[in-house]
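The values are calculated or read from the model by the stated rules, or taken from the named source; none is laboratory data. Please read all numbers here as calculations on a predicted model, not as lab measurements. A quick note on method: Cβ atoms are made from the backbone with ideal geometry, for glycine too, and the neighbour counts reach across all protein chains shown. Note: accessible area is taken over every heavy atom of the protein model, side chains too, but ligands, DNA and RNA are not part of it. Shrake-Rupley method; radii C 1.70, N 1.55, O 1.52, S 1.80 Å.
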Amino acid sequence: SRASLPSKPFQLPDMAQDAFAQGVREHFEVFLESFSSEPASAHDTSSTAGGMALDYMEQCKQMKLDERTTLYVDFRHIESTDQSLADAITAEYHYLEDELRSAVRNIMRKRYPEYATEEKEFFVNFYNTSALLRVRDMKSDRVGKLTSFSGTVTRTSEVRPELVTGIFECEICGATSDPVPQQFKYCEPQKCSNASCPNKTSWRLKHSVGESVFMDWQRVRVQENATEIPAGSMPRTIDVILRGDTVERAKAGDKSIFTGTLVAVPDVAQLCAPGERLEMVSKVDARNPTDGVSGLTKQLGCRELTYRLLFLASS
């Protein structure tokens, strides 16, 4: 029988939280490898491995044939199979997203190692979640949770490359850094991996195959559906970020359902007065030139840092 998932141990050390995330990944991997939507009577139970049609294993095979990297999962299948797994994904989606992707990557590497190479990234898109919200319902209490909402696309940007994980080379000693995940902004290593090198600021991003990882990225503006706007109110809007296989699938005028999670990011533009340009400046001490970037321009003064909500869509 399948072991139950522990609840996320917020107050325990990182090791305990990692055990929770690993448990979710293992449960999700088992679900993908064993789920079948066929009724039990539709196949011979004595030949489960050979006679049962496994929905997501068939989809993994099709992903290889179509050269896709996204697995689409009906969330109702998870709820009907493992409610504890569904609850964990719903409540901690942003925290668990990397583990869910790792489960898909592990399966693809076991079954199709020639296709699932080291540099290839895989993604999980959920649909048919239990609750469908409106744009007006997208508040801070939904940050980090698996959420679906409907709205009308009003504007789309061009597709651009986004740096996901960066590999950097030290410009002083030539050492190569460990992979640096990007956190909604351009992130460089804190210090050189060479213990004898004092470099903290001089880096060169490495673009070769198998080093830094890029993916397609697109921003779309979504507005409340006309039928959902309260009388006398202005329509609300929210920016949605599309990545990977989901780019170029939404067009202006489409009434769409988006599934993903809300994230709070600093609204840097609000720090500037009208007409000002926000810049980072280096406050370099001549006695120790490797101290690096230490603040914003003095013209900004001391101002309150505001945040805004973005929606990271998986589907």
Protection-proxy order for peptides 205-213, 28-36, each taking the mean of Cβ atoms within 10 Å per residue, highest first: 28-36, 205-213
Gain on full stretching of the segment that runs from LYS145 to VAL159 - 0.36 nm per residue minus C-alpha separation: 2.4 nm
Accessible area (Å², per residue) of region 79-204, counting only protein heavy atoms and a probe of 1.4 Å: 53 Å²
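Fully extended, how many nm does the chain gain between TYR72 and ARG221 (0.36 nm per residue separation, minus their Cα-Cα distance)?
Roughly 51.3 nm would be gained on extension.
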Local electrostatic count at PHE168 - Lys and Arg +1, Asp and Glu -1, tallied over other residues with Cβ under 14 Å: -1
Rounded if a/c under 1.5, otherwise prolate or oblate - region 24-171, Cα gyration tensor axes: oblate
Packing-based ranking, highest mean first, of 181-187, 79-85, 102-108, 139-145 given that Cβ atoms within 10 Å are counted: 102-108, 79-85, 139-145, 181-187
Full-stretch length increase - LYS255, THR237 - with 0.36 nm per residue and alpha-carbon distance subtracted: 5.1 nm
Across LYS64/LYS200; LYS145/LYS185; LYS206/LYS255, pairs whose alpha-carbon gap is larger than 30 Å: LYS64/LYS200; LYS206/LYS255
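Estimate the FRET efficiency between VAL209 and GLU58 by the formula 1/(1 + (r/R0)^6), using the beta-carbon distance for r and 22 Å for R0, to the nearest 0.05.
According to the calculation, E is roughly 0.15.
Give me the percent of the accessible area of region 198-268 that comes from carbon and sulfur atoms, probe 1.4 Å, all protein chains in place.
Taking all protein chains in place, region 198-268 shows 51 percent carbon and sulfur surface.
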